[in-house]
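What follows is a short report on a single structure.
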Amino acid sequence: VETQKLLVWIDNATKNIPKELIGLTKKLENETKKIQIIEDKLSKAPDNDALNPLVTKVNNLYLKKGQLLQQIKNSEAETKSAEFQLLNSTRNLNKEKEQLKNIYQQSSRLGLIKKVQNSLNDYLIQLKDEKTKEFAEIFTSNFTNLLRKKDIVKKIQVDPNDFSILFYKDENMPLPKSKLSAGEKQMFAISVLWSLTRLSGRSLPFIIDTPLGRLDKDHRDNLIDKFFPYASDQIIILSTDTEIDQEYFKLLNPFIARQYHLNYQNGNTKIEQGYFWETKKEVVHGVQQN
């Protein structure tokens, strides 16, 4: 065994070791060449006195580079801040534009509404004047037809501001209402209601209590002939037998739809069909008199 190990060592010493030695020798030569090149470069390099300004310049350039990089970062931050402010300003500007647009639209609408209101006011004034004139014409016709004295009033005017009615005996001489008789005043009141009904264009109902009690015969005849049959589709007359007597009843009978008689006996009021001299005995309605 020892002999074999010895033989192996001898074989390595004669074969492998020389090869390794050759390789190491070549490597040593290469490293020696490199060292020579470096030493040659070092011998040619400038000394410290020459390098110091360059090193200082390089350091200054690095310092300036750092400052410029910091300025770039600051500028980028400022740019981002400016972009953010611009975005907010743009949003605010759009909001202001929208608000301004709404204000303009509202202003236009208000202006249009004002124009419409002015037009309506003008229309109302014109309509009031026209209706006032129309009422004056209708009232003049109604009043003169119902009056016994046809020439007592020559002209009638209606004030469009307070709608007061002015009478004139002639074109320039006013006639105070206090100068009218009681019957003429009643004709005046009836004519006002009749004229308003005609002016409205609607058939409004009338309820008249004892209409003939304070009137003379001429005014009664005018009411019977010219007012009751034509004033409205429905007129309720509360009358005594001395007002609407048999003569007037015959004149009104063609226009009468219903007649009722209030019969008061023993503290009770009974409502019977028919007029005073035409009553039927069946009770339509009973009212306890207090």
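The values are calculated or read from the model by the stated rules, or taken from the named source; none is laboratory data. Note that this is a predicted model, so its numbers are computed, not measured. Glycine also receives a Cβ, built like all others from the backbone with ideal geometry; neighbour counts cover every protein chain displayed. Accessible surface areas use protein heavy atoms only, side chains included; no ligands, DNA or RNA. Shrake-Rupley method; radii C 1.70, N 1.55, O 1.52, S 1.80 Å.
Using all C-alpha to C-alpha distances in the stretch 55-199, build P(r) with 10 Å bins and read off the rounded percent in each one. The distribution over the stretch 55-199 is 9, 20, 12, 8, 8, 7, 7, 6, 6, 5, 5, 4, 2, 0, given as percents.
Counting only protein heavy atoms and using a 1.4 Å probe, what share of the accessible area of the chain belongs to carbon plus sulfur, as a whole percent? The C+S portion of the solvent-accessible surface of the chain is 56 percent. Extent of the chain along its three principal axes (Cα atoms, max minus min coordinate, largest first): 181, 70, 35 Å. Counting only alpha carbon atoms, the long axis of helix 2-14 and the longest principal axis of the chain meet at about 80°.
Exposed loop sites here are trypsin sites (Lys or Arg not before Pro) in DSSP loop states with at most 15 other C-beta atoms within 10 Å. What is the longest stretch of the chain lacking them?
Details: sites that count: Lys15, Lys149, Lys150, Lys154, Lys169, Arg202, Arg214, Arg258, Lys280, Lys281.
Between exposed loop sites, the widest span is 16-148.
Rolling a 1.4 Å probe across all protein chains gives Thr79 an accessible area of roughly 70 Å².
Excluding ligands, DNA and RNA, what is the solvent-accessible area per residue of the chain at a probe of 1.4 Å, expressed in Å²?
Working: 22370 Å² over 290 residues.
Per-residue value: 77 Å².
Take the residue pairs Lys169/Lys250; Lys154/Lys226; Lys149/Lys270; Lys133/Lys169; Lys5/Lys34 and return only those whose Cα atoms are more than 30 Å apart. All intermediate terms of the calculation are to be shown ahead of the outcome.
On the way: Lys169/Lys250 37 Å; Lys154/Lys226 20 Å; Lys149/Lys270 41 Å; Lys133/Lys169 19 Å; Lys5/Lys34 41 Å.
Lys169/Lys250; Lys149/Lys270; Lys5/Lys34, as the Cα separations exceed 30 Å there.
By how many nm would the segment from Lys97 to Lys65 lengthen if fully extended, with 0.36 nm per residue of separation less the alpha-carbon distance? Show your work: numbers first, answer last.
Working: separation 32, 0.36 × 32 = 11.52 nm, distance 4.63 nm.
Taking Lys97 through Lys65 to full extension adds about 6.9 nm, to one decimal.
Note on Lys73: lysines with a C-alpha under 17 Å away, same-chain residues under 8 apart excluded, are Lys64, Lys65. Computed from the Cβ-Cβ distance with R0 of 51 Å, the FRET efficiency linking Gln85 to Glu31 stands at 0.20. Full extension of the chain segment joining Tyr168 with Leu124 gains 13.1 nm, where the gain is 0.36 nm per residue of separation less the Cα-Cα distance.
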